[in-house]
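This report concerns only the one structure given below.
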Amino acid sequence: MKNFPKAGLLIITLVIPALIFVMLRLFATNHFDLPYFNPQLDSDGKVVIVNGDTAFQRTAELKLASGNSKLEGDISVISFLPKECADSCKLVLSNLKRVYDMRSEANSLTIKTLSEDSLRSAIGHPEEMGKEGWEILKVKPNEADALPDARPKSLGETAELYPRERRLTLIDSEGYTRGYYNGADPAEIDRLMAEVKILNYEKKARANP
């Protein structure tokens, strides 16, 4: 009879937590899931639906007149650097340095800065620009508007987006757009950094199922 209390205690400590874990895995919502942006459009301009779910654009690389830059495999943050970098632009670059410093824990993170100027460094620019993990990609005027961070036509031209000079775009390692951020707002940078950590965790989880 003395074994029954022990068996009951074993059930409580092992079986019930396991059941709770299974129920959470099957029915709970993961509040850390990031949204997807830029849905695929058919020839009529309508959003493509596959098996009841929206299909989203997937971009393997940035195709530029100056050359192509790979996106797949890395977690990428895309920014734009105008020829004249005023105070708000310098603030964006300073905030991007905070993001760049995350490479110590997320080494697949890459910053890709689209620049209308071929100069890789200037007074006031972070010294990390142009080094490993922070690419400077030369673009022609208005070329950046054709890249994944552009608002798709299906959402309308009146939809609000941050100005291109302050806009940061997060692309996951599979080439999907996962977020837009105001690069001049420290709170937005905190959000970006948190979401980079989520994508980095998901990438590691897929590599080690």
Tally of residues being modelled with pLDDT of 85 or more and closer than 17 Å to Met193 by Cβ across the stretch 114-129 = 1
Which of the residues that make up the stretch 179-209 are touching a residue at least 24 places away in the same chain (Cβ under 8 Å) and of a type in the set (Lys, Arg)?
-> Lys197, Lys203
Confirm whether Ile75 is out of contact with any His (no Cβ under 8 Å at 6 or more places or on another chain) and at pLDDT 90 or above.
-> yes
If we keep just the residues of the stretch 41-57 that are within 18 Å of the chain's Cα centre (by Cα) and either farther than 24 Å from Met193 by Cβ or β-branched (Val, Ile, Thr) (or both), which is most open to solvent (accessible area, probe 1.4 Å)?
-> Gln57
Could you list all residues from the stretch 45-81 that are closer than 25 Å to Leu137 by Cα and basic (Lys, Arg)?
-> Arg58, Lys63, Lys70
Given Glu157, Glu84, Glu132, Glu143, which one is at pLDDT 85 or above and either open to solvent by 10 Å² or more (accessible area, probe 1.4 Å) or within 18 Å of Arg191 (Cα to Cα) (or both)?
-> Glu132
In the stretch 164-197, which residue that is part of a helix (DSSP H, G or I) and in contact with a helix residue (DSSP H, G or I) (Cβ under 8 Å, 6 or more places away or on another chain) is surrounded by the most Cβ atoms within 10 Å (Cβ to Cβ)?
-> Leu192
Please go through the stretch 198-209 and pick out each residue that is out of contact with any helix residue (DSSP H, G or I) (no Cβ under 9 Å at 6 or more places or on another chain) and farther than 21 Å from Gln57 by Cβ.
-> Tyr201, Lys204, Ala205, Ala207, Asn208, Pro209
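The values are calculated or read from the model by the stated rules, or taken from the named source; none is laboratory data. Note that the structure is a prediction, hence the values are computed from the model and not measured. Don't worry about glycine lacking a Cβ; one is built from the backbone with ideal geometry, like all the others, and counts go over all protein chains shown. Protein only, heavy atoms only, side chains kept; ligands, DNA and RNA dropped before computing areas. Shrake-Rupley method; radii C 1.70, N 1.55, O 1.52, S 1.80 Å.
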